[in-house]
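The next block holds one structure in the form of structure tokens; read it before the comments.
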Amino acid sequence: MAVNLKKLAGQGSPLAPGHRLCSGCAAPTVAKQALLAAGKPAVVVQPTGCLEISSVVFPYSAWRTPYYHNAFENAAAVASGIEAALKARRRRGDLPADLDVAIITIGGDGGTYDIGFQALSGALERGHRILHICYDNGAYMNTGIQRSGATPFGAWTTTSHVGQALKGKPERRKDLTAIVAGHNPAYVAQASPHNFRDFMRKVKKAVDADGPSFINVIAPCWRGWRFPEEETIEVARLAVDTCYWPLLEVQDGKWTLNYVPRKKKPLADWLRKQGRFSHFFEPGNEWMLEHLQAEVDRQWEELLTRAGVER
């Protein structure tokens, strides 16, 4: 899909201004890019999270689409029910047989990596034609910056403190994109809001796929990651250029890398931008930077092999 900016600019935003999300938040950018790219009527299903609690405050809504708010754990189940209902109404003749509706769930770490994963896994296994987008901000930001399955090794959160007893999160981040790909859905991808053409192309492929699809989008949170709010897109770009967050897609079992940096930047360039990793650069903690760099290098090399990219 070629992104026609002039045409998209004339459509108006699918997410109205005036919502209560933080200035500099990546989540509404992700949502707007996704809905503009869909190119068809859409139904948005959303578990509790930053994007939900700040865009839908009763009796107001910033969404210019049909919208369902549900619990943390069941967004994919609700979306599955909507898809089944649309199929039933088409069979009965209540709706045009050729009516194509994009059913899009948009969730954060809790609604995707952790609390909502069971419902997502079930929807993928059953083969419902829905798209789940995760805006990955690396913690439970809505409830106070607690660590999640998406939180990287060593990151400070309010439940993985930095002190004498603990140096941030001791566990490594869950590779959810690979876990979802293991379900063999119709389409899987990773994206970043800084490369909107890549992300929007992937959304279009996902909503047109004949089956379930999933896109994991990095969504830097300046409040939780501790960087100036105007640097959100730059932080997302550095995550990609350091290969912490590769841009990729998986279709029919084939892994494709969409971007290979000409010169891979050191992970320290990304980490220094964020206060949650400031302890990595304190004397005695050099091992933490070396450990996380080695982990990123290992995963990148595995991905190059999996995608068949020549060194």
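The values are calculated or read from the model by the stated rules, or taken from the named source; none is laboratory data. These numbers were taken from a predicted model, which means no experiment stands behind them. In this analysis, Cβ positions are derived from the backbone assuming ideal geometry, glycine residues included, and neighbour counts consider all displayed protein chains.
For the stretch 132-147, a residue qualifies if it is within 16 Å of THR48 (Cβ to Cβ), within 13 Å of the chain's Cα centre (by Cα) and in a loop (DSSP other than H, G, I, E, B), and the qualifying residues are ASN137, ALA139. Whether a residue is touching a residue at least 12 places away in the same chain (Cβ under 8 Å) and either part of a helix (DSSP H, G or I) or within 26 Å of PRO212 (Cβ to Cβ) (or both) was assessed, and VAL57 does not pass this test. Being out of contact with any Ser or Thr (no Cβ under 6 Å at 6 or more places or on another chain), in a helix (DSSP H, G or I) and surrounded by 14 or more Cβ atoms within 10 Å (Cβ to Cβ) narrows it down to one of GLU290, GLU295, GLU301, so name that one. Sole residue among the options that is out of contact with any Ser or Thr (no Cβ under 6 Å at 6 or more places or on another chain), in a helix (DSSP H, G or I) and surrounded by 14 or more Cβ atoms within 10 Å (Cβ to Cβ): GLU295.
Kindly check whether there is at least one residue in the stretch 244-257 that is of a type in the set (Phe, Trp, Tyr), under 22 Å from TRP300 (Cβ atoms), surrounded by 15 or more Cβ atoms within 10 Å (Cβ to Cβ) and touching a strand residue (DSSP E or B) at 6+ places or on another chain (Cβ under 8 Å). Spell out how you get there, then give the answer.
Keep residues of the stretch 244-257 that are of a type in the set (Phe, Trp, Tyr), which gives 244-245, 255.
Adding the requirement that they be under 22 Å from TRP300 (Cβ atoms) leaves 244-245, 255.
Those still in the list that are surrounded by 15 or more Cβ atoms within 10 Å (Cβ to Cβ) too: 244-245, 255.
Right, trim to touching a strand residue (DSSP E or B) at 6+ places or on another chain (Cβ under 8 Å) and you get 245, 255.
Yes, the conditions are met somewhere in the stretch 244-257.
Output yes when any residue across the stretch 80-91 is closer than 17 Å to GLY122 by Cα and among the hydrophobic types (A, V, I, L, M, F, W, C), and no when none is. Reasoning before the result, please.
Residues of the stretch 80-91 that are closer than 17 Å to GLY122 by Cα, as a first pass: 80-84.
Now drop any that are not among the hydrophobic types (A, V, I, L, M, F, W, C), which leaves 82, 84.
Yes.
Here is a yes/no grid of residues against (1) within 23 Å of ALA27 (Cβ to Cβ); (2) in a loop (DSSP other than H, G, I, E, B); (3) at pLDDT 95 or above:
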| site | (1), (2), (3) |
| --- | --- |
| ALA123 | yes, no, yes |
| HIS128 | no, yes, yes |
| GLY149 | yes, yes, yes |
| PHE153 | no, yes, yes |
| GLN164 | no, yes, no |
| GLU171 | no, yes, yes |
| ILE179 | yes, no, yes |
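Cβ separations smaller than 6 Å between residues 6+ apart or across chains give the following pairs from the stretch 215-226 residues that are part of a loop (DSSP other than H, G, I, E, B) to residues that are charged (D, E, K, R) and surrounded by 24 or more Cβ atoms within 10 Å (Cβ to Cβ): ALA219/ASP136; ARG226/ARG276.
Give me the residue from the stretch 263-287 that is among the polar types (S, T, N, Q) and assigned to a loop (DSSP other than H, G, I, E, B) and, out of that set, farthest from PRO246 (Cα to Cα). Please lay out each step first, then the result.
We begin by selecting, within the stretch 263-287, every residue among the polar types (S, T, N, Q); these are 274, 278, 285.
Next cut, assigned to a loop (DSSP other than H, G, I, E, B) only: 274, 285.
On the way: GLN274: 19, ASN285: 26 Å.
Looking at residues that are among the polar types (S, T, N, Q) and assigned to a loop (DSSP other than H, G, I, E, B), I get ASN285.
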